[in-house]
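Asker: Shown below is the structure under consideration.
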Amino acid sequence: MGARVRRKPRSISITSGKGGTGKTTLSANLGIALATLGKQVTILDADLAMANLALIMGIHQIRTSFLDVLKGKAKVEDTIHENYGVRVIPTGFRFEEVQETLSGVDHARVRRVVEEILGDTDFLLIDAPAGIQDATLFSIASAREMLPVCNPTYTSLVDVYKVIRFANVMGAWTRGLVVNRAGKQAEVPVDEIEDFLKRTLERMGVIAQIPEDPKVQEAELEGVPVVVYDPDCSASVAIHELAEVIAGKAEPPYLRESKAVKETTDRLVRVLTGRT
């Protein structure tokens with residue numbers, strides 16, 4: 001058996017300022033797209049209010065959760081549900097209540113579980129609850145990076161702007177904004193969104209435009225992620241291009257830090273337990 005590869009895991013909270021932006025659909029399809037690039041991907045389903053991720057990923061029976069593992073009732077491998085080359089882990093708790101939920105759990109065990117998951121992961125995607133709420137903020141705080149998602153509407157843009165400002169305060173690195181369901185009929189053109197970002201956030205811009213595509217809804221009706229259902233449709237192509245940008249040669253600046261791997265672990269442990 002060869003030596004185990006030492007990974008530099010990246011944790012990314014995928015968030016939106018309001019519900020209905022297609023955030024969870026993007027989380028699932030982006031995870032699959034990253035996996036096709038040879039990356040080990042784990043998605044932590046933190047959006048308990050909707051709990052759509054498992055359905056989108058074609059996972060219909062969930063018997064154990066991340067909470068069961070943290071409490072010692074199950075092993076990590078028991079809660080991993082794999083499909084399309086991506087590992088999905090349901091949290092089993094609300095992020096805003098996690099510290100109370102885990103108050104009696106051994107801190108060292110939490111750290112071991114987190115280290116075990118990150119040790120086999122290149123990308124930990126956290127499908128965060130939508131909106132400006134405690135659960136969203138905890139999800140952002142648990143990751144080193146944030147990938148904000150909005151629709152091309154004024155309300156969606158204003159809401160996601162607030163989320164981005166919160167992420168900046170929490171020290172979560174944000175490379176750019178994903179505009180989902182972009183197109184000619186959009187309420188706000190993408191170039192206007194770019195202008196807004198330059199005026200308010202200076203260096204941040206639109207990282208990807210996912211076009212409005214009927215194939216996405218067709219795929220959802222079939223219970224299959226769109227990048228699998230039709231890899232060549234416009235939405236799938238855009239998602240694969242986003243994956244290439246995220247996994248590209250230009251690594252986030254924090255990965256150059258000597259303690260980058262430890263800090264990635266620390267952030268998630270800190271949210272789960274209230275301490276590092």
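Asker: Can you tell me how many residues in region 129-149 are touching a Lys or Arg at 6+ places or on another chain (Cβ under 8 Å) and either within 20 Å of Pro90 (Cα to Cα) or modelled with pLDDT of 90 or more (or both)? Outline the logic, then answer.
Answerer: From region 129-149, those touching a Lys or Arg at 6+ places or on another chain (Cβ under 8 Å) are 130-132, 135, 141-145, 147, 149; that's our starting set.
From what's left, either within 20 Å of Pro90 (Cα to Cα) or modelled with pLDDT of 90 or more (or both): 130-131, 135, 141-145, 147, 149.
Result for region 129-149: 10.
Asker: Can you find, within region 141-173, the residue that is farthest from Glu251 (Cα to Cα) among those that are among the polar types (S, T, N, Q) and assigned to a helix (DSSP H, G or I)?
Answerer: Keep residues of region 141-173 that are among the polar types (S, T, N, Q), which gives 142, 151, 153, 155-156, 168.
Now restrict to residues that are assigned to a helix (DSSP H, G or I): 155-156, 168.
On the way: Thr155: 32, Ser156: 28, Asn168: 18 Å.
Going through the qualifying residues, I end up with Thr155.
Asker: While we're on this one: Output the residues belonging to region 72-95 that are modelled with pLDDT of 90 or more and over 20 Å from Gly119 (Cβ atoms).
Answerer: Asn83, Tyr84
Asker: Just checking, which of Asp159, Asp195, Asp213, Asp230 is surrounded by fewer than 16 Cβ atoms within 10 Å (Cβ to Cβ) and either free of Cβ contacts under 8 Å to residues at least 24 places away in the same chain or closer than 30 Å to Asp266 by Cα (or both)? Before the answer, list the steps.
Answerer: Numbers: Asp159 fails: surrounded by fewer than 16 Cβ atoms within 10 Å (Cβ to Cβ); Asp213 fails: surrounded by fewer than 16 Cβ atoms within 10 Å (Cβ to Cβ); Asp230 fails: surrounded by fewer than 16 Cβ atoms within 10 Å (Cβ to Cβ).
Among Asp159, Asp195, Asp213, Asp230, only Asp195 is surrounded by fewer than 16 Cβ atoms within 10 Å (Cβ to Cβ) and either free of Cβ contacts under 8 Å to residues at least 24 places away in the same chain or closer than 30 Å to Asp266 by Cα (or both).
Asker: Related question: Filter region 261-275 down to residues that are in contact with a helix residue (DSSP H, G or I) (Cβ under 6 Å, 6 or more places away or on another chain) and under 20 Å from Met146 (Cβ atoms), then give me how many there are. Walk me through it before giving the result.
Answerer: Start the filter on region 261-275 by keeping residues that are in contact with a helix residue (DSSP H, G or I) (Cβ under 6 Å, 6 or more places away or on another chain), which leaves 265, 268-269, 271-274.
Pick out the ones that are also under 20 Å from Met146 (Cβ atoms) and you get 265, 268-269, 271-272.
Final tally of qualifying residues: 5.
Asker: Anything in region 36-53 that is surrounded by fewer than 20 Cβ atoms within 10 Å (Cβ to Cβ) and either assigned to a helix (DSSP H, G or I) or modelled with pLDDT under 95 (or both)? List them, or say none.
Answerer: Answer for region 36-53, where residues must be surrounded by fewer than 20 Cβ atoms within 10 Å (Cβ to Cβ) and either assigned to a helix (DSSP H, G or I) or modelled with pLDDT under 95 (or both): Thr36, Leu48, Ala49, Met50, Ala51, Asn52.
Asker: For region 115-140, which residues satisfy the criterion of being out of contact with any Asp or Glu (no Cβ under 6 Å at 6 or more places or on another chain), part of a helix (DSSP H, G or I) and buried (at least 19 other Cβ atoms within 10 Å of the Cβ)? Can you show your working first?
Answerer: To start, the set of residues in region 115-140 that are out of contact with any Asp or Glu (no Cβ under 6 Å at 6 or more places or on another chain) comprises 115-126, 128, 130-133, 136-137, 139-140.
Checking the rest, the ones that are also part of a helix (DSSP H, G or I) come to 115-119, 136-137, 139-140.
Ile117, Leu118, Thr136, Leu137, Ser139, Ile140, listed by residue number.
Asker: Still on this structure, please answer the following. Tell me the residue from Val69, Val98 that is modelled with pLDDT of 85 or more, in contact with a helix residue (DSSP H, G or I) (Cβ under 7 Å, 6 or more places away or on another chain), more than 26 Å from His240 (Cβ to Cβ) and part of a helix (DSSP H, G or I), please.
Answerer: Val69
Asker: Can you spot a residue in region 173-185 that is in contact (Cβ under 8 Å) with a residue 40 or more places away in the chain and within 30 Å of Val105 (Cβ to Cβ)?
Answerer: Yes - at least one qualifying residue is present in region 173-185.
Asker: Here's a follow-up. List the number of the failed condition for Ile239; all other conditions in (1) free of Cβ contacts under 8 Å to residues at least 40 places away in the same chain; (2) assigned to a helix (DSSP H, G or I); (3) closer than 19 Å to Val41 by Cα hold.
Answerer: (1)
Asker: Sticking with this one: For region 252-268, indicate whether the set of residues that are surrounded by 20 or more Cβ atoms within 10 Å (Cβ to Cβ), among the hydrophobic types (A, V, I, L, M, F, W, C) and out of contact with any Phe, Trp or Tyr (no Cβ under 8 Å at 6 or more places or on another chain) is non-empty.
Answerer: yes
Asker: Still on this structure: Does any residue in region 70-99 that is surrounded by fewer than 20 Cβ atoms within 10 Å (Cβ to Cβ) come within less than 6 Å, Cβ to Cβ, of a residue that is assigned to a loop (DSSP other than H, G, I, E, B) and at pLDDT 90 or above six or more places away or on a different chain, and which pairs are these?
Answerer: What qualifies is Asn83/Met57.
The values are calculated or read from the model by the stated rules, or taken from the named source; none is laboratory data. Because the structure is a prediction, the values reported are computed rather than measured. All Cβ positions, glycine included, derive from the backbone under ideal geometry; neighbour counts span all protein chains shown.
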